[in-house]
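What follows is calculated from the coordinates using simple rules that are stated; it is not laboratory data. Remember, predicted model here, so these are calculated numbers, not experimental data. With ideal geometry, Cβ positions are generated from the backbone for all residues, glycine too; neighbour counts draw on all protein chains shown.
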Amino acid sequence: MLVEKNVALQPYNTFGIVARAHTLVRVAQEADVQAVLADPALGPQPKFVLGGGSNIVLTGDVRPVVLKVEITGRRLVEETDRAWIVQAGAGENWHEFVGWTLAQGFAGLENLALIPGTVGGSPVQNIGAYGVELQDRFDSLDALDLTTGRRFTLDAAQCGFGYRDSVFKHAPGPASGRSGPTGLGLAGRALITQVRFALPKPWKPVLGYLDLEKKMAESGMARPSAQQIYQWVCDIRGAKLPDPRVIGNAGSFFKNPTVTPEQCADIIAREPRIVHYQLANGTVKLAAGWLIDACGWKGKSVGNAGVYEKQALVLVNRRGATGGEVMTLARAIQTSVYERFGIRLEPEPVVV
Ligand code: EPU
């Protein structure tokens, strides 16, 4: 086990925020975690699990021991009548993994192309885009308990998936909204090591999303391949979302809020153009990007943090932004959306 001290975290978070880890250990295998837990100095300290750093805002140096997940490997582990079961190490780059599955002939993840981050982060967030969520393709995962070092396996029900939510985002304790196998949230308590995906046989394209329908109409293709959808998703994302290698960001900064039909009717009466989607459970989802845009935030800045010109839901690091500046901007946006629409926007990234 190599224990690194005073490590710069700027390259390890997609916002590109400058901060340091007091202590960092790279986890390439389970034994690395067990060595940390058995270490008399590190074992008792709080831990912070770092994946691709694509969904965090660092507001200062990180004091807990940073466990940077670098577990690699990807393979077909099983074939059933209904699916290919493919497993990947938590440290694998998500987008490269999606490309690899397609190259192997396993379709099903193409709508989730180009999402920054790692395989291990994908269930934490229940990542989703263009009509597919991770939970639609999830089989199971292996994780280590960060107090005992013991390995455990969770199926989809045990992960408690919701919209950009899972048991891994909820603090341990009876009050936590989502519960794991022990009835507790697992935030800060588990390190995901391997994730298994069930990639459907036969494969059916998911094309209902407006941007994809436009691509279909433009191309005149009635039956696009998974590879074609992958390419379209890459093109759509490239046109709308900033590349974190060029402009620091963490994707959508707020979740799309849901409201009751009554609340929605009330808002429509005042704002007839509001972008909203009817959900199967009767509630209505509002486009947070539209709400922020309507408050005039697109292209605005607070210090070095800004609102992306092409998508108001994405906050960006214009150069040298601190986590504090990002959060000041986020709070100003929340206040103006609340004052105008009476809706509280909930941030998507984890604030560290
Ligand atoms: N809109 C505006 N102005 C804006 C931004 C959006 O009017 O500045 C309107 C758009 O015209 C559209 C609607 O809002 O009618 C929705 O926008 P978009 O299609 O870009 O999707 P989104 O709801 O903003 C969500 C996810 C994205 C995901 C896309 C595609 C959330 C929080 N975000 O964005 O996920 O890629 O749908 O499925 O659910 C992420 O989570 O980091 C992320 C990028």
(request) Name the shape class, rounded, prolate or oblate, that the alpha-carbon gyration tensor gives for the chain, where a ≥ b ≥ c are the square roots of its eigenvalues, rounded holds for a/c under 1.5, and otherwise prolate holds if a/b is larger than b/c and oblate otherwise. (result) oblate
(request) Among Glu110, Glu262, Glu79, determine the one that fluctuates most according to a GNM of the chain built with springs between C-alpha atoms less than 10 Å apart. (result) Glu262
(request) Starting from the Cα of Lys310, step 7 Å along the direction of its Cβ; do the same at Glu262; then give the gap between the two resulting points in nm. (result) 4.2 nm
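Taking the Cβ of each residue in Lys169, Lys204 as the centre, tally the other Cβ atoms inside 10 Å and list the residues starting with the fewest.
Ascending Cβ contact count within 10 Å gives the list Lys204, Lys169.
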(message) Please check: in the Gaussian network model of the chain (C-alpha springs, under 10 Å), which one of Val77, Val36, Val62 has the largest mean-square fluctuation.
(response) Val77
(message) What's the ranking of 238-250, 300-312 by average number of surrounding C-beta atoms within 10 Å, highest first?
(response) 300-312, 238-250
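Among all helices in the chain defined by DSSP H, which have a length of 15 Å or more along the axis from Cα atoms plus a Kyte-Doolittle mean of at least -0.5? Don't jump to the answer; show the numbers that get you there.
Values: long enough: 226-240 (21 Å, -0.38); 323-341 (27 Å, 0.06).
Going by DSSP H runs, the hits are 226-240, 323-341.
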(message) In Å and on Cα atoms, what radius of gyration and Dmax does segment 2-69 show?
(response) 11.6, 34
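Provide the FRET efficiency to the nearest 0.05 for the Val246-Thr148 pair, computing r from the beta carbons and using R0 = 45 Å.
E between Val246 and Thr148, to the nearest 0.05, is 0.60.
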(request) Would you mind checking Lys68/Lys300; Lys204/Lys310; Lys204/Lys285; Lys255/Lys310; Lys214/Lys255; Lys68/Lys204 for any pair whose Cα atoms are more than 27 angstrom apart? (result) Lys68/Lys300; Lys204/Lys310; Lys68/Lys204
(request) Please identify, among Ala217, Ala187, Ala31, the residue showing maximal mean-square fluctuation in a Gaussian network model of the chain using a 10 angstrom Cα cutoff. (result) Ala217
(request) Pull out a ≥ b ≥ c, the square roots of the eigenvalues of the alpha-carbon gyration tensor of segment 248-351, then state rounded if a/c is under 1.5, prolate if not and a/b is larger than b/c, and oblate in the remaining case. (result) prolate
(request) Figure the gain on full extension for Asp235 and Ala41 (residue separation times 0.36 nm, minus the Cα-Cα span) and round it to one decimal in nm. (result) 65.0 nm
(message) Please report the net charge: other residues with Cβ closer than 13 Å to the Cβ of Gly248, K and R +1, D and E -1.
(response) +1
(message) What does the extension gain come out to for Glu346 and Ala28, with contour length at 0.36 nm per residue minus their alpha carbon separation?
(response) 111.1 nm
